[in-house]
Amino acid sequence: STNFTNSSTSMSEMLNASITPTSTNSKILIHFHVNCQIVASSNAYGRATVFRGTISGTDLGALIGGSAAGSNANFALTGTYVDSPSTTSAQQYTLAMSKASGSTSSVTTDSTTYRIVLMEVLAWVQN
């Protein structure tokens, strides 16, 4: 695993993956996992976000974790999203991370594994 560190509230790309849907009706199931270590004087918070495209693309959703009580925090951010790109062209998805409070000095993976998994879903039922 590679260590990733961001000392900014601006998103920074961790990794990306691409998938090519076989149908315009396909959904893309996106699953990600990040182990975070936050260094802060107080209000230790980090954010992981998935984008369609690059970090300037479509924000599909963010997870924020941390602690208001402690100066440092260790936690996992795990999320699953469903996207409807409505195309058969290759789609890139980007996992990015940033600090999520002004009191946070930096957010890092501390050399732990982080990942993004993409799966095409051909049938989707929702009520």
Residues that are within 26 Å of residue 40 (Cβ to Cβ), touching a strand residue (DSSP E or B) at 6+ places or on another chain (Cβ under 7 Å) and not in a strand (DSSP E or B), drawn from region 81-112: 100, 101, 103, 109, 110, 112
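The rows are residues; the columns are (1) surrounded by 15 or more Cβ atoms within 10 Å (Cβ to Cβ); (2) within 13 Å of the chain's Cα centre (by Cα).
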| site | (1), (2) |
| --- | --- |
| 54 | no, yes |
| 77 | yes, yes |
| 97 | yes, yes |
| 114 | yes, yes |
| 127 | no, no |
Any pair with Cβ under 8 angstrom, 6 or more apart, that starts in region 53-77 at a residue that is more than 16 Å from residue 110 (Cβ to Cβ) and ends at one that is of a type in the set (Lys, Arg): 58/52; 60/52; 62/47; 63/47; 64/47
Test: residue in region 65-76 that is modelled with pLDDT of 85 or more and within 25 Å of residue 27 (Cα to Cα): no
Of all residues in region 82-127 being of a type in the set (D, E, K, R) and modelled with pLDDT of 85 or more, the one that is farthest from residue 4 (Cα to Cα): 120
Selection within region 1-52 - buried (at least 18 other Cβ atoms within 10 Å of the Cβ), within 20 Å of residue 81 (Cα to Cα) and among the polar types (S, T, N, Q): 26, 49
Some residue of region 93-112 being polar (S, T, N, Q), touching a residue at least 60 places away in the same chain (Cβ under 8 Å) and under 21 Å from residue 26 (Cβ atoms): yes
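The values are calculated or read from the model by the stated rules, or taken from the named source; none is laboratory data. Model, not experiment: these values are computed from the prediction. Methodologically, a virtual Cβ is constructed for each residue, glycine included, from the backbone with ideal geometry; neighbour enumeration extends over all protein chains shown.
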